[in-house]
1. Of all residues in the stretch B:22-56, count the ones that are assigned to a helix (DSSP H, G or I), touching a helix residue (DSSP H, G or I) at 6+ places or on another chain (Cβ under 6 Å) and not aliphatic (A, V, I, L, M).
2. Filter the stretch B:199-237 for residues that are outside any helix (DSSP H, G or I) and in contact with a Phe, Trp or Tyr (Cβ under 9 Å, 6 or more places away or on another chain); which is farthest from the other protein chains (Cβ to nearest Cβ)?
3. Are there any pairs, at least 6 apart or on different chains, whose C-beta atoms fall under 8 Å, with the first in the stretch A:85-98 and more than 7 Å from every other protein chain (Cβ to nearest Cβ) and without any contact (Cβ under 8 Å) to a residue 24 or more places away in the chain and the second part of a helix (DSSP H, G or I) and surrounded by 18 or more Cβ atoms within 10 Å (Cβ to Cβ), and if so, which?
4. How many of the residues making up the stretch B:277-305 are within 25 Å of B:Trp361 (Cα to Cα) and touching a residue at least 60 places away in the same chain (Cβ under 8 Å)?
5. Could you tell me whether A:Leu101 is more than 14 Å from chain B (Cβ to nearest Cβ) and not small (Gly, Ala, Ser)?
6. Which of the following residues is within 29 Å of B:Val378 (Cβ to Cβ) and of a type in the set (Asp, Glu): A:Asp105, A:Asp74?
7. Failed condition for A:Glu281, given (1) in contact with a helix residue (DSSP H, G or I) (Cβ under 6 Å, 6 or more places away or on another chain); (2) assigned to a strand (DSSP E or B), with all others met?
8. So which of A:Gly77, A:Gly66 ends up being of a type in the set (Gly, Ala, Ser) and in contact with a His (Cβ under 8 Å, 6 or more places away or on another chain)?
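The values are calculated or read from the model by the stated rules, or taken from the named source; none is laboratory data. What you are looking at is a predicted structure, and each value in this text was computed from that prediction instead of being measured. Cβ coordinates were reconstructed from backbone atoms using ideal geometry, including for glycine residues, and neighbour counts include every protein chain displayed.
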Amino acid sequence: MNPTVSVSHLSKSFGSVHAVEDVSFEVFPGEIFGLLGPNGAGKTTTIRMMLDIFKPDRGEVSLLGGKMDEHKKDRIGYLPEERGLYKDLKLEPTLIFLATLKGLDEKTARARLTDWLKRLDLYDHRFKKISELSKGMQQKAQVIATLVHEPDLIVIDEPFSGLDPVNTRLVEEIIREQQAAGKTLIMSTHQMYQVEQLCSRIALIDKGRVVLYGQVDQIKREFAGNAVAVKGQGNFEGIPGVLETRRVNGDYHMALAPGAGPQDVFRALAARPDVKIERFEIAEASLDDIFITVVKGKEAAHA
Amino acid sequence: MRKLLRIARHEYIKVAGKRSFIISTIGFPLFFIAVMAFSIFMAVGSEDSRPLGVVDEAGVLAANVAPTERANGDKLVEVRRFADEAAAQAALRQGDIQAYYLLPAGYLSGDTVRLYYWDKTPATVTQRDFDYYLRANLVASLSAEVRERALAGPVVTARSADGQQEISGDGFLNFLLPFGIGFFFLIAVMSGGGYLLQAVTDEKENRTVEVMTTSVSPNQLIFGKALGLIAVALTQLLILLIVIVVGLAVGARFVDALQELRMPWPLLLIIVAFFLPSYTLIAGMMIAVGAAVTELRQGQQIVGALNMLFTLPYFFVIVFFTAPNSPLATLLTLFPTTAFITITMRWGMSTIPAWQIIASWLILVLSSVGMIWAAARVFRAGMLLYGQRLNFKAMLRAIGARAG
């Protein structure tokens, strides 16, 4: 199957800062691909190069079967990380304008927008200025602008920012619908939970480089045993082989450093007089754990 | 092309739909009309229609010469003759007359005419009516032909050697209009240019530009924006011109002086022809500056300097008065940023050679199209350097680089 998007060996520097270095990945038709990494990792720069907003210093991008051109722009929906809407204009005319720039005629745009606005609870606010809408409403408006022209390739950068749980679920549902309709989605986020819920494959970017790339299930299998859940009392900080400890439903959830096994952690805990263990089990590594293992583990190795 | 026009329409509605725009565009001419109407009302309303008196101690008034109207049909105020000053004073006290003139015995040998009034001087038009009355009396003994010429007074028409242009004594509109239009042009430059600068930097700051560039090409975006704003400026110009033409036509019904004005159509044509590319040039400059800077404040400083390029002719206004065809005037005529104001100012003062007008227009059109094109290139380069200011060298490099 030919990839919808193919990014190979992209690099980009701003002055002396290497924002993206040698990033490669492929995205296939009908999948939701997760581009994840900590803030400032180079996700947005990669997306901007992919969409021809920036020119890369090196590397190639092929999307929808070749280089970016003006006709392809009508087949792409892009939701930028920061809300890209005119603040002092009214909601509906702005959305109609943006839709017509994607090749829709005004009548079609208006008809489709009515449905979208109603579905996302924005219909009653359609004549309000965008600056008068809440952050969550603006984000939903941006989602509409991204999807109204029914693009084949949808690129969404931090789509859940500013949304409450109800709207987060609504947008998740919309993303799944788009996938079911055969669209290709690339989602950039630093929220691992959403990626686990939605994405089939991911590329994890850290400091401008791809540090992890592949199927979510497979990655999770590879990192099985890289997390433990402990119930008990006492001080669970500063345990050798543990990169991060956090509380999950009253348990201590620990992400392990690369090379550290659950046995090592168990021994270390047993040896500590200030800790009382009630339960110890090997947990399924979440993407969060894997993220911490890869990103922090690398930092620890460099230290 | 369709997307370009959509952007143009969007920009047009965005600006022309603003309350501040509507107020300034409609409000300014309305204010102009209101001031004009008020002054006409004051002039007409305050005019005293009571007769004037005259005491002829010099014996210069001819018998039975009492004109009631001018050659063009304008009514004259009635002038009553009094045998002596005491009778005239009594009539003034009674309020029968508004004032009286005394022609002293030594009038013909140099004594001046004296005017007596109660508390208000007669209106200028009323005084002019008396001048006419007196002249009509003084020339009464001459032949009809000479009498008419003498009463009409001199009207000088200066015509250029090649016959292209003429300046007549009453052509003050030729002289005044360029200044008015030049002033309007500067206001349009500052407000429109300032708006474009803000639009471009805003879009960069709120990232709308990312959505735009993934929908349209930089050229469509920049040309569309420029076109929309030019349409806005043209609307303003049109409204202003309509107000001037209609205002003068209506005003002429009430104010005699305006009747003699003729519309300087060739000048209006020049104004429209030069206004468009001049405005495009500014639009291009503003977009380039907006694209190169990261925040509005930086841009405003640069724009302040750029505006100087357009106001330059006002510093040389003395040159246009004293030597309207000097090399400096020619240079300012040909230079694209100064062409518009220089040409409109020189128009009222001398004849501009046709080759200069044509050359200036061609240079202006070429540089304005070039500027918009360059602006699109700078815009693209500015995008690449998100968050960093584009220095002048990089700007030039972007303009010189091959498309892509």
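1. Result for the stretch B:22-56: 2.
2. That would be B:Asn206.
3. Matching pairs, first to second residue: A:Ile96/A:Ala109; A:Ile96/A:Leu113.
4. Qualifying residue count, the stretch B:277-305: 14.
5. no
6. On inspection, the qualifying residue turns out to be A:Asp74.
7. Failing condition for A:Glu281: (1).
8. None of the others qualify; the one that does is A:Gly77.
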